[in-house]
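Peer 1: Pasting a structure here, questions to come.
No value in this document is a laboratory result; all are computed from the given coordinates. In this text, all values refer to a predicted model and were calculated from it rather than measured experimentally. FYI the Cβ positions are ideal-geometry reconstructions off the backbone, even for glycines, and counts take in every protein chain you see.
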Amino acid sequence: MTAFIASLESVAEIVIIIALGYFIRRSGKMTDGFKGNVSFLIMNIALPVSIFISVLDNLNRGKLVGLAGGLLYTLISFTLGYLIAILLVFVLRIKKGRRGAFINMSVNANTIFMGLPLNIALFGNSGMTYFLVYYVMNTVSTWAIGIFFISGDDPTKQKGDSKKKLSLKQILPPPLIGFILGLAWIVIINVKLPMWIDKTCNMIGGLVTPLALIYIGIILADAGLSSIHFDKDTIAGLVGRFVIAPAIMIGTLLVFMHSGISVTYPEFGTLVIQSATPELAVLPILVSQAHGDVDYATNLVVTSTVLFVVVVPILMEVINFIV
């Protein structure tokens, strides 16, 4: 029951903010230019700052060293996830413009906004270390790998365009720079930010999720609620997120457990639940910048968020049965 209530609360917050964006757009109070402005603000300012400050607030040198062992499980799981997702792109014939979104849906998760509060509700402070393990790997995976699958899936690019020289922004997107700077700060400088700077960064970073959800609401208003549907590619993405990703994590952990390595209940539960957390709220913005299928990306975020309420209690039963 705790799992159901915690997941319901997380989903309710998201749905309400999406609905806000939807109704404001339908009322005609938001112009077409707002989407572009929000996209720029999130991707170039708010999100890099959010990642930078979350690294500083949640990690330190000691924690980084302590996370080394757990990172092996997640590294294997994410690697297998990418390989299977890429294979499914060809097997299921996911069309260009959707492939990057599908791969990210199958591998990367919304750890901070949905994963963290849910993890605290389910496992308390005993699961925090393992949450940080997943958070670090998920952040690296999203901004060092996943984003390139999206940018490389631009349907407007011609074959010859791939030979052009890459810009620094393409190689190091702002969110990845935020993560690198955060790690560099705690490893090299290792000094706490003044309180007022920390608060300012948290305020700026706090813009990411609500603005991204309002953006999703705007997309839904433009496309119509009928755009929320379960076509072949959407179902495949949901299976990747809620079935394949946690199955890979469970399989990886069981292999290590059977080899004699001890995996505690909070560690097992945290890594499995986080592997099934819904897709990043900023996915439609990333896809939009690559001229991909924004409606498809929006559909993935909305459907995975709503269905998460049902998925969490089922996964908790599986976890309790295994461990």
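Peer 1: Give the shape of the stretch 196-256 as rounded, prolate or oblate, defined through the alpha-carbon gyration tensor: a ≥ b ≥ c are the square roots of its eigenvalues, a/c under 1.5 means rounded, and otherwise the shape is prolate if a/b is larger than b/c and oblate if not. Each step should come with its number before you reach the end.
Peer 2: Numbers: a/c = 6.91, a/b = 1.18, b/c = 5.85.
Oblate shape, in that a/c is at least 1.5 and b/c is the bigger or equal ratio.
Peer 1: Okay, next question. Would you mind computing, in nm to one decimal, how far apart the modelled labels at LEU92 and ALA184 are, each placed 7 Å from Cα along Cα→Cβ?
Peer 2: Placing both labels 7 Å beyond Cα along the Cβ direction yields 3.8 nm.
Peer 1: If you place +1 on the Cβ of every Lys and Arg, -1 on the Cβ of every Asp and Glu, and leave all else neutral, what size is the dipole of the stretch 1-75 about its Cα centre, to the nearest 20 Debye? It would help to have the intermediate numbers written out before the result.
Peer 2: Working: 6 positive and 4 negative charges, 36 e Å.
I would put it at about 180 debye.
Peer 1: Kindly provide the Kirkwood hydrodynamic radius of the chain in Å, to one decimal, from all pairs of distinct alpha carbon atoms.
Peer 2: 20.1
Peer 1: Okay, next question. Taking 8 Å as the Cα distance limit and 6 or more residues as the minimum spacing, I'd like the relative contact order of the chain as a percentage. All intermediate terms of the calculation are to be shown ahead of the outcome.
Peer 2: Numbers: 416 pairs, mean separation 115.6, N = 323.
Averaging sequence separation for qualifying contacts and normalising by length gives 36 percent for the chain.
Peer 1: Contour minus end-to-end for GLN158 and SER226, with contour as 0.36 nm per residue of separation and end-to-end as the Cα-Cα distance? Show your work: numbers first, answer last.
Peer 2: On the way: separation 68, 0.36 × 68 = 24.48 nm, distance 3.20 nm.
Here the segment from GLN158 to SER226 would lengthen by 21.3 nm.
Peer 1: Can you give me the span-like helices of the chain, meaning DSSP H runs with 24 Å or more of Cα extent along the axis and Kyte-Doolittle mean at or above -0.5? All intermediate terms of the calculation are to be shown ahead of the outcome.
Peer 2: On the way: long enough: 2-26 (36 Å, 1.43); 68-91 (34 Å, 2.15); 294-322 (39 Å, 1.80).
Passing helices, by number: 2-26, 68-91, 294-322.
Peer 1: Among rounded, prolate and oblate, which fits the stretch 1-67 when a ≥ b ≥ c are the square roots of the eigenvalues of its C-alpha gyration tensor, a/c under 1.5 means rounded, and a/b larger than b/c means prolate? Mind dumping the intermediate values first?
Peer 2: Details: a/c = 5.73, a/b = 1.39, b/c = 4.12.
Taking the square roots of the gyration eigenvalues as a ≥ b ≥ c, the stretch 1-67 is oblate.
Peer 1: If I take R0 = 30 Å and measure r between the Cβ atoms of VAL65 and ILE45 in this structure, what FRET efficiency does the formula 1/(1 + (r/R0)^6) give, to the nearest 0.05? Working shown, then result.
Peer 2: Values: r = 32 Å, r/R0 = 1.05.
After rounding to 0.05, the efficiency reads 0.40.
Peer 1: Okay, next question. Principal axes first, then extents: for the Cα atoms of the stretch 44-117, list largest minus smallest coordinate on each axis, whole Å, largest first.
Peer 2: The principal-axis extents, from largest down, are 44, 32, 22 Å.
Peer 1: Let me ask something else. Can you tell which of PHE308, PHE268, THR31 lies farthest toward the positive end of the dipole of the chain, using +1 and -1 charges on the Cβ of basic and acidic side chains (Lys, Arg; Asp, Glu)?
Peer 2: Farthest along the dipole direction, towards plus: THR31.
Peer 1: I would also like to ask the following. Order of 82-94, 113-125, 41-53 by packing, highest average Cβ count within 10 Å first? Let's see the in-between values first.
Peer 2: On the way: 82-94: 15.8, 113-125: 18.5, 41-53: 21.8.
For the peptides 82-94, 113-125, 41-53, the packing ranking is 41-53, 113-125, 82-94.
Peer 1: Another question, then. Just check the stretch 184-323 against the gyration tensor rule for me: Cα atoms, a ≥ b ≥ c as the square roots of the eigenvalues, rounded for a/c under 1.5, and otherwise prolate or oblate depending on whether a/b exceeds b/c. Before the final figure, lay out each step's value.
Peer 2: Working: a/c = 2.37, a/b = 1.10, b/c = 2.16.
Here the stretch 184-323 falls in the oblate category.
Peer 1: Another question, if that's okay. Is it possible to state the helix-based mean residue ellipticity at 222 nm for the chain, with each DSSP H run of 4+ residues giving -39500 (n - 2.57), the sum divided by total residues, to the nearest 500 deg cm²/dmol? What is it? Spell out each step's value before the answer.
Peer 2: Numbers: 18 runs with 222 residues, N = 323.
Value at 222 nm, helices only, nearest 500: -21500 deg cm²/dmol.
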